[in-house]
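A.B. asks: First the structure, then my questions, so here it is.
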Amino acid sequence: MRTFRSLVALATIFTLGMSTSQVALSQGPDKPVAVVSIAPLDRLLQDFTYLMKSCGAASIGAMGKMFTQQVTNGLDGKRPAGVTIAIVEGQPVPLLFLPLDDRSKFFKALEGSGQFAEDLGSGKFAFDVGGRTIYAKDAGKWLYVSQSEDDFKSLPADPATLLGDTPNKYDIAVRVQLQALPAQMRDAAIEQMKQGFERSLAVQDGQSPEEKAAAEEMGKASIKQMERLLNETEQVLIGLNAASTSQKLQIDVGAQFISGSELASQMDKLQGMTSDFTGLLIQGAAMTLRSTSLISDGDKALAKSNLSNVTGQLEKQIDDSGSLPAANKDSLKKFIKGMIAVLEKTIDSGKFDGGGAVALNDGKVRAVFGGSVADGMEIEKEVKELVASLGTGPEVPKFEFNYGKHQNVNLHKVSIPIKTDDPKVEKVFGSELKLVIGTGAKAFFVSLDPDGDAVIKSALDRLASTKNIKVTPGEMIVEVGQVLAFVQTVSPNPLVESAATLMQQTEGKDKIRVLNNLIPRGMLYQVIVEEGVLKGIGAAVQAGQGGGPGF
């Protein structure tokens, strides 16, 4: 979803953060601008050593655990720690809170690393850290650390309530409350984006007045969208968890919008979203991909503006080409305009729905992709007209239109000559790339199948029986072990072999998953790296270093 990607970019500007997985993003009783959550030390060290061991760096994990335990002796390993960040007079003020078990033991441990406490009385202490004074306050179960003694005047009785449930879900997490940012800071961010956009327009050379106008319109639409995101986003979160219990590394990035806002309403509409293209996902494929989203009116305008900009760039490249005859240039530009018209109508329909898969078996690549379009027959017409204008020749792709029909989809064969001196390319694809294009009334498909059309026909059969399936906005799954095994058959490499061999020992745990899920009034992206992939990375690194222990 374009809105969410823009929000992630905006979050980076503010160094923002984080997310929770199964439930709505939690909030504490107070609302600092940002809260950093750190899991209980015992679990944090367990997950850290697990991650290092999985990546083939067990010795680093052991040393890191030993050093951490030494300098944290006296802290309670069963309770979380955290940092709050408030904005005071336009400046960020961090406050660290540590779960205290025995202050004297902890200060003694700090002395081992060269940090000595100066007792200021009333439970306050000062430390000289690289010539800078850092202050600490003993409040019984918690030790507060800040840059100024004044920050201790108003302390929460139990700062763990500010963390919500993030310590239970993540090793490290950050939650940022955008509405807690002073209005002038949000306004300044928008103004900086506007100034940056104006500077970029000023340095653009070689653009026609039409191209400049299109770029200006697109930029204004993007800034307007960013402004809405700032005003309607309640919180943004990022969380990382190296879960030894579930044997995976997980990174979550999510956002939740203000109740009653336009963006929150868009999220609510996505809750009951369905797809007609889940049948394109092949069980056990090396990669599967699906995306389903509703296109808001604001996103429609921006998407069309982007298409217009792309059209202008493509036409310029065609005009500047010295190898194309004038007639072919005109045909290509007409084809591009026709395809853009179909895409604009698809945008107007208010929904994108599609997916696909890539299978790697027997040293061959088989793939099928497809999705909804406003007019598949118009695409077929445009392709036929383009092919007719190209004529014939050894380098021109060969088309066999309407050679068959399956599940009310017209099938067309395409053979594209491959001229290469690379034996790897020839080993995988042969002397030509064999595609099958499928055009339906409201759908378009393309498959790569060296043996014919079995891949696309079986996909169309699955689609016929999997209509209107309730889905999340998107997912991508990569079976890394299968990919590496294929790469090894095509181009043997000792690093790849080490990783692939180790992954075969963790069958069923060799995937990378990228999931786009919904939460109340928001959206959550999850990247999940399974244990087999982590071990494969470690094996490849060790092989690259001659098999030495660790990194």
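A.B. asks: What dipole magnitude, in Debye to the nearest 20, does region 28-163 give about its Cα centre under +1 on Lys/Arg Cβ and -1 on Asp/Glu Cβ?
C.D. replies: The dipole magnitude comes to about 440 debye.
A.B. asks: Note down the magnitude of the dipole of region 349-469 about its Cα centre, charges +1 on Lys and Arg C-beta and -1 on Asp and Glu C-beta and zero elsewhere, to the nearest 20 debye.
C.D. replies: Approximately 340 debye in magnitude.
A.B. asks: While we're here: Taking 7 Å along the Cα-to-C-beta vector as the label spot, tell me the Met476-Ser349 distance in nanometres, rounded to one decimal.
C.D. replies: Taking the simple label geometry, Met476 and Ser349 are separated by 2.3 nm.
A.B. asks: So, one more: Which residue, chosen from Phe429, Ser200, Leu332, occupies the Cα position most advanced towards the positive end of the dipole of the chain, where the dipole is computed from +1 (Lys, Arg) and -1 (Asp, Glu) charges on Cβ about the Cα centre?
C.D. replies: After comparing all options, I get Phe429.
A.B. asks: Moving on to the next point. Measure out, as a whole number of angstrom, how far apart the alpha-carbon centroids of region 309-384 and region 237-271 sit.
C.D. replies: Here the answer is 33 Å between Cα centres.
A.B. asks: Does region 159-291 come out rounded, prolate or oblate by the C-alpha gyration tensor, with a ≥ b ≥ c the root eigenvalues, rounded set by a/c under 1.5 and, if not, prolate when a/b is larger than b/c and oblate if not?
C.D. replies: Oblate.
A.B. asks: What are the extents of the Cα atoms of the chain along their three principal axes, in Å, largest first?
C.D. replies: Here the spans come out as 91, 55, 47 Å, largest first.
A.B. asks: How much net charge surrounds Ser372 when only other residues with a Cβ under 13 Å from its Cβ are counted (Lys, Arg +1; Asp, Glu -1)?
C.D. replies: Overall, the nearby charge balance is +1.
A.B. asks: May I pose another question? Between Thr133 and Ser259, what is the label-to-label distance in nm when each label sits 7 Å out along the Cα-to-Cβ direction?
C.D. replies: With each label placed 7 Å out from Cα toward Cβ, I get 4.6 nm.
A.B. asks: If each DSSP helix of 4+ residues adds -39,500 (n - 2.57) and the sum is divided by the residues in the chain, what number results at 222 nm, nearest 500 deg cm²/dmol?
C.D. replies: Theoretical 222 nm ellipticity from helices: -13000 deg cm²/dmol.
A.B. asks: Sticking with this one: Placing unit charges on C-beta atoms (Lys and Arg positive, Asp and Glu negative, everything else neutral), compute the dipole magnitude of the chain about its Cα centre in debye, rounded to 20.
C.D. replies: That gives a dipole near 840 debye.
A.B. asks: Measuring from label point to label point, each 7 Å out along Cα→Cβ, what is the Glu315 to Lys427 span in nm?
C.D. replies: Inter-label distance under the simple model: 4.6 nm.
A.B. asks: Moving on. Taking the highest mean first, how do the peptides 324-336, 366-378 order by number of other beta carbon atoms within 10 angstrom per residue?
C.D. replies: Final packing ranking: 366-378, 324-336.
A.B. asks: How high is the relative contact order of the chain, in percent, with contacts defined as C-alpha pairs under 8 Å that are six or more residues apart?
C.D. replies: Rounded, it is 16 percent for the chain.
A.B. asks: Follow-up question, since we're still on this one. With 10 angstrom as the radius, rank Glu507, Glu234 by how many other C-beta atoms surround their C-beta, starting from the fewest.
C.D. replies: Glu507, Glu234
A.B. asks: OK, next. What aspartates and glutamates sit close enough to Lys434 to cross-link, taking a C-alpha to C-alpha distance under 16 Å and skipping anything fewer than 8 places away on the same chain?
C.D. replies: Glu395, Glu400, Glu426, Asp449, Asp451, Asp453
A.B. asks: Continuing with the same structure: Which one, Ala499, Ile512, Gly404, is farthest towards the positive end of the dipole of region 402-515 when Lys and Arg carry +1 and Asp and Glu -1 on their Cβ?
C.D. replies: The Cα lying farthest towards the positive end belongs to Gly404.
A.B. asks: Kindly flag which residue pairs out of Lys304/Lys333; Lys269/Lys470; Lys381/Lys427 have an alpha-carbon separation exceeding 24 Å in this structure.
C.D. replies: Lys381/Lys427
A.B. asks: Please name whichever of Gln69, Pro159, Ser104 sits farthest to the positive end of the charge dipole of region 28-163, dipole taken about the Cα centre and charges placed at Cβ: Lys and Arg +1, Asp and Glu -1.
C.D. replies: Of the candidates, Gln69 comes out farthest on the positive side.
A.B. asks: Measure up Lys351/Lys405; Lys337/Lys384; Lys220/Lys334 against 21 Å on the Cα-Cα distance and list the ones that go over.
C.D. replies: Where the Cα-Cα span goes over 21 Å, the pairs concerned are Lys351/Lys405; Lys220/Lys334.
A.B. asks: Any of Lys53/Lys248; Lys53/Lys535; Lys364/Lys398 with alpha carbons more than 20 Å apart? Name them for me.
C.D. replies: Among Lys53/Lys248; Lys53/Lys535; Lys364/Lys398, the Cα-Cα distance tops 20 Å for Lys364/Lys398.
A short reminder: the numbers here are calculations on the coordinates, not readings from a lab. Everything numeric in this text was worked out from a predicted model, so none of it was measured. Cβ coordinates were reconstructed from backbone atoms using ideal geometry, including for glycine residues, and neighbour counts include every protein chain displayed.
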